[in-house]
Amino acid sequence: MIPGMTPAPVGPSSYVDPYAAPSPAYASPSMAGGYAVSNQMAPAIGQLVGIEGPYAGQVFTLNGTNTEVGRELDKDIVLSSDSTISRGHARLSQEQGGVVVTDLGSSNGTYVNGQRLFGPMPIVPGDVVQFGSSKFTYQ
């Protein structure tokens, strides 16, 4: 150490670069490595209202054109309290003016009105969508 110098602080710096690009106000998994449009700011395409299972009574808004559901924290709707839901379970997409549900190869299946999905299926308000053992009404 040089005499008369104070040691540099350890930890985050309080220096702010006046020429640096501003950071976004929120972080999104879809922003990997840079700025991107987040589903969080897109118009809602509907809601899932929990009717059975650990999410009964909870409301999840479907934002953007694609909403992924699963246990992993990078999903748009994280359902980590239900162990029957896969890490990447299903996707709800806006297609041709409606909403379509697609199972992403989940272990315990995705169901619409009690029918297991084996391909994309359109849904309408009032349909019951089930991921694992959790049931939701689409509104």
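Just so it is clear, none of the values below were taken in a lab; they were calculated from the coordinates. These figures come from a predicted structure and were not determined experimentally. No Cβ is skipped: glycine too gets one built from the backbone with ideal geometry, and neighbour counts run over all protein chains shown.
Modelled spin labels at Gln96 and Arg116, positioned 7 Å past Cα toward Cβ, are 2.7 nm from each other.
For the pair Val78 and Thr137, label points projected 7 Å from Cα toward Cβ lie 2.8 nm apart. Relative protection proxy for 65-73, 53-61, from highest mean packing down: 65-73, 53-61 (other beta-carbon atoms within 10 angstrom).
Taking amide H as placed 1.01 Å from N in the peptide plane, the amide H of Gln47 sits under 5 Å from that of Leu62, Gln139, each at least 5 places away or on another chain. Classify region 86-128 from the C-alpha gyration tensor, please: rounded if a/c falls under 1.5, else prolate or oblate depending on whether a/b exceeds b/c. Oblate is the answer for region 86-128, as a/c is 1.5 or above yet b/c matches or exceeds a/b. Here the extension length gained between Leu104 and Val49 equals 17.7 nm, from 0.36 nm per residue of separation less the Cα-Cα distance.
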